[in-house]
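A short worksheet on the structure shown next.
The values are calculated or read from the model by the stated rules, or taken from the named source; none is laboratory data. Remember, it's a predicted structure, so these values are computed and weren't measured experimentally. Here Cβ is always computed from backbone atoms with ideal geometry, including for glycine, and neighbour counts include all displayed protein chains.
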Amino acid sequence: MIEEQYLPMYRHSLAHILAKAVIKFYGDEKIQIAIGPQIDNGFYYDFGLPHAITEADFPAIEKLMNEAIKKGDDFVRQEVTKKEALEIFADQKYKVELINDLPEGETITIYKTGDFVDLCRGPHVSNTKDLQSAAFKIASTSSAYWRGDEHNDVLQRVYVYAYPSKGELKEYLDFLAEAKARDHKVLGPQLDLFFFDQNAPGMPYWLPNGLRMLNTILQYWREEHETLGYHEVATPLLNKNALWVTSGHWDHYRNGMFVMEDKDDDSIWGLKPMNCPNSVVIYKRKRHSYKEFPLRYSDSDVLHRKEKSGELNGLLRVQMFRQDDSHNYVTEDQIAEEVNNILDIADRFYGIFGLTYRPELSTRPDDFMGEISLWDRAEAELKAILDKRYGKDGYDINEGDGAFYGPKIDIIMKDCLGRQWQMGTVQLDFQLPRNFGIVYVAADNTEKIPVIIHRVIYGSLERFMGILIEQFKGSFPFWLAPTQVGIVPIREEHNEYAREVAKVLRKNSIHIELDTSDTHMNNKIKNYKHYKVPYVVVIGNEEVENKTVSINLRDGRQVHGIKIADFVKMCNYMNRVKCLDLIAGVDEVIPETDCCC
């Protein structure tokens, strides 16, 4: 068994074994070797090859790796001069470049493993047989620019999974299989939720099913925030750059914006990447009193942020998205109460989806704006709130990762696969009010500068949707499902009653689909199961005669002879309580079931 602290050394040693195997695989054909670092789940090695390695080649290369391991060659470290290193690697142009870039006086080491030599700092295992207990599997190949520069050669990168034991490798492969089964980039188009088009990279096209889900989430957000005293606004998608110059975003965020020029008047415009400056414009339109505070302007406008194509990742990293945003204007003595109220909202909103999070305090970055004394005060305020609410061990500190205008509490959410995502955020801002010169009239009739609390709960709604698709594997809770009930009349003579049932359900705001086509009943049911519809209502002679419905539940159960009124009651209950269970809480309809909420 390989001890965890030695795993990087084993993985890097295996990278040498991979390079040795690839050289042998190509035989007399000349190849160029580049670099082979260890990574979180194994390692990779970059090669310049005469022809690409394909998936069909993986078993042969793995066999050569195992043969090299069994051979029992020592890993021999040797210090060499720069001149000697250049001679050793004279026919390896990437190694020559690395050697020439080394500073004068740098110790240069090579490692020999049998007939294979590599430029490397090490360390490595003593002998290839030390790797026999390790478990590895070639994962994939991809293209990679030499040294990450698009102007350099394109190399082939070979990724390898590597773990201390076969059991741990299997565990990781099982994790990957589960991740693949939950992948929102596959499930989204499969369930007709969204898709992407090459003419709008990173900008999802929301289909009726997906938009219905998105609107359901937003409707819940609106209803909850309405009761909490939030005022929803909407502002222009496009602004002249003067707004962003005043806010400070032009200096700090210009490269992340989509910018255009109006040649008629030489003005420069930007698609808004965030809502903060527009919120301040709304605030400035009239005089405000402390009696109005906290003053909360929420919005869910579409935003655009320019990303590198290689960083786009389905809904998890996009260029067009919405945020459940709000900018809350408060006095300094209201900060603690308001931040705690926001975290209460986060607890409730995440809880209904079965999601958990851990807060993280992000402090002053290098490119901060404003006075250090204000930053110190803001950071101290947030730290005191976190200490009191979660305890000193209940949150993390991310030094230097605050916004340029203020420190923040980030909501770091763990998804169903154990990955962490920064979702919501609560940002304390003493700077933008000063940039825009906004004030409020205090109790003593003097003008004072408010504090702005920037906050989102879901964060990017697109990212949140991607996580929800994976969280529920496409089988959404009833209240969130785009189609809640599919109605299947068995034969044509059952269509009239099926339409009556559909009318009653629609009247109660239940999302239904009715299939009166000539398709066989089993195919209709199969289609609804493909879309993971929670309840499929089947209507035949008995249902028409007794004015009832029979229900096929998504989990395989069947319930017969349910009165329409009781079925409506059950559906309304599931919509109202936002229950995670498929069916729950209506004992007279489904006996012996309890609500999970």
Quiz item: Within the stretch 36-48, is even one residue in contact (Cβ under 8 Å) with a residue 12 or more places away in the chain, hydrophobic (A, V, I, L, M, F, W, C) and touching a strand residue (DSSP E or B) at 6+ places or on another chain (Cβ under 6 Å)?
Solution: yes
Quiz item: Checking VAL339 against (1) under 27 Å from SER247 (Cα atoms); (2) part of a loop (DSSP other than H, G, I, E, B); (3) in contact with a helix residue (DSSP H, G or I) (Cβ under 8 Å, 6 or more places away or on another chain), which test does it fail?
Solution: (2)
Self-check item: Candidates GLY459, GLY400, GLY424, GLY370 - the one that is at positive phi, buried (at least 21 other Cβ atoms within 10 Å of the Cβ) and either at pLDDT 90 or above or outside the structural domain of TYR172 (by TED's automatic domain parsing) (or both)
Solution: GLY459
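The rows are residues; the columns are (1) over 27 Å from ILE510 (Cα atoms); (2) among the acidic types (Asp, Glu).
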{"position": "ASP153", "(1), (2)": "yes, yes"}
{"position": "VAL158", "(1), (2)": "yes, no"}
{"position": "ALA177", "(1), (2)": "yes, no"}
{"position": "ALA181", "(1), (2)": "yes, no"}
{"position": "TYR205", "(1), (2)": "no, no"}
{"position": "MET213", "(1), (2)": "no, no"}
Practice problem: Tell me, yes or no, whether the stretch 476-497 has at least one residue that is under 14 Å from LEU193 (Cβ atoms) and of a type in the set (Gly, Ala, Ser). | Solution: yes
Quiz item: Here are some conditions: (1) in contact (Cβ under 8 Å) with a residue 60 or more places away in the chain; (2) farther than 15 Å from VAL426 by Cβ. GLY391 meets all but one. Which one does it not meet?
Solution: (1)
Quiz item: Out of all the residues in the stretch 215-225, is one or more in a loop (DSSP other than H, G, I, E, B) and buried (at least 18 other Cβ atoms within 10 Å of the Cβ)?
Solution: no
Quiz item: Considering only residues of the stretch 403-421 that are aromatic (Phe, Trp, Tyr) and under 23 Å from ASP367 (Cα atoms), which is surrounded by the most Cβ atoms within 10 Å (Cβ to Cβ)?
Solution: TYR405
Self-check item: the stretch 228-245 - residue that is among the hydrophobic types (A, V, I, L, M, F, W, C) and touching a residue at least 24 places away in the same chain (Cβ under 8 Å) and, of those, nearest to PHE321 (Cα to Cα)
Solution: LEU237
Quiz item: Within the group LYS291, LYS284, LYS263, LYS272, which residue is within 26 Å of the chain's Cα centre (by Cα) and farther than 30 Å from PRO477 by Cβ?
Solution: LYS272
Quiz item: Do you know which residues across the stretch 517-554 are polar (S, T, N, Q) and closer than 28 Å to GLY188 by Cβ?
Solution: SER517, THR519, ASN522, ASN523, ASN527, ASN552
Quiz prompt | So ARG377, is it surrounded by fewer than 23 Cβ atoms within 10 Å (Cβ to Cβ), under 25 Å from PRO277 (Cα atoms), assigned by TED's automatic domain parsing to the domain that holds LEU361 and among the basic types (Lys, Arg) | solution = yes
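Let's see how each residue does on (1) more than 14 Å from ILE551 (Cα to Cα); (2) at pLDDT below 95:
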site: SER475; (1), (2): yes, yes
site: LEU480; (1), (2): yes, yes
site: VAL488; (1), (2): no, no
site: ARG499; (1), (2): yes, no
Quiz item: Only one of these conditions is not met by ASP251: (1) surrounded by 13 or more Cβ atoms within 10 Å (Cβ to Cβ); (2) assigned to a helix (DSSP H, G or I). Which number is it?
Solution: (1)
Quiz item: Restricting attention to the stretch 127-171, which residues are part of a helix (DSSP H, G or I) and crowded, with 16+ Cβ neighbours inside 10 Å?
Solution: THR128, ASP130, LEU131, TRP146, ARG147, GLU168, LEU169
Quiz item: When you scan the stretch 529-542, how many residues do you find that are of a type outside the set (A, V, I, L, M, F, W, C) and in contact with a Phe, Trp or Tyr (Cβ under 9 Å, 6 or more places away or on another chain)?
Solution: 3
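Residue-wise test of (1) more than 35 Å from the chain's Cα centre (by Cα); (2) in the same structural domain as ALA135 (by TED's automatic domain parsing); (3) closer than 25 Å to TYR145 by Cβ.
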| residue | (1), (2), (3) |
| --- | --- |
| ASN41 | no, yes, yes |
| ASP57 | no, yes, yes |
| ALA60 | yes, yes, no |
| ASP74 | yes, yes, no |
| LYS95 | yes, yes, yes |
| LYS112 | yes, yes, no |
| ASP115 | yes, yes, no |
Exercise. Could you identify the single residue in ALA52, ALA15 that is in contact (Cβ under 8 Å) with a residue 60 or more places away in the chain, surrounded by 21 or more Cβ atoms within 10 Å (Cβ to Cβ), in the same structural domain as PRO123 (by TED's automatic domain parsing) and under 21 Å from THR141 (Cβ atoms)?
Key: ALA15
